[in-house]
Structures are given as C-alpha cells and as structure tokens.
Amino acid sequence: AIQAINGYSNMSAEEFTDMVFQKIDVNNDGELTLEEFITGVEKDDDLMELISKSFDLSNVLKVIQNG
C-alpha cells in the first residue's frame, strides 16, 4: 500500500521480496537476519534507494491528513 501511494507499484510484494533475498541473503538459507538485511542494504546503493523511496511515509501522512 505504501508503494502504491508513493507511485512505486510496478513491482508486486512477492517480486520485491524475491529481489531483496536474491541480493542480500548471503548464506542462501532463505531467511534474512536483521544483521544480513542491514548489511546488505547498506552495501547496495540501488536497493537502499529503492527501499527509501518505497517506504517513504511522508505521502502516507499527507493522505491521512487529507482524509
């Protein structure tokens, strides 16, 4: 929903999740620890930008304020 409000709905939640796992699940166990996630996002500028834009809550707050 946040992605749709921000205009980044070109990727489904499943596609987004798959992409994140492909990029940062370093031990390929199908699970991400918080440490793996943070380290992976910090090392991948494109992923950091995508996550920052996709989960920007400023537009959500505007929608809530405007009813």
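So here's what we get for this one:
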item: Eligible lysines near K23 by straight Cα distance, threshold 20 Å, same-chain separation 8 or greater; result: K43, K53
item: Charge dipole of region 13-66 about the Cα centre (unit charges at C-beta), most positive-ward option of F55, N28, F16; result: F55
item: Relative intensity, log₁₀ I(q)/I(0), of region 13-66 from a Debye sum that treats every alpha carbon as a point, q = 0.14, 0.20, 0.25, 0.27 Å⁻¹; result: -0.44, -0.74, -0.97, -1.06
item: Accessible solvent surface per residue of the chain, calculated while the other protein chains remain in place, 1.4 angstrom probe, Å²; result: 75
item: Accessible surface of the chain, 1.4 Å probe, proportion on carbon and sulfur as whole %; result: 53
item: I51 paired with I38, simple spin-label distance in nm, labels 7 Å along Cα-to-beta-carbon; result: 1.1
item: Loop-resident sites, region 12-67, for GluC sites (Glu not before Pro), counting at most 16 other Cβ within 10 Å (DSSP); result: E31
item: Magnitude of the charge dipole, the chain, Cβ model with Lys/Arg +1 and Asp/Glu -1, debye to 20; result: 500
item: Linear extension gain, I64 paired with D29, 0.36 nm per residue minus alpha-carbon span; result: 8.7 nm
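The values are calculated or read from the model by the stated rules, or taken from the named source; none is laboratory data. The model shown is predicted, which means the values in this text are computed figures rather than measured ones. Here the Cβ is made from the backbone with ideal geometry for all residues, glycine too, and neighbour counts use every protein chain on show. With ligands, DNA and RNA removed, areas are computed over all heavy atoms of the protein, side chains included. Shrake-Rupley method; radii C 1.70, N 1.55, O 1.52, S 1.80 Å.
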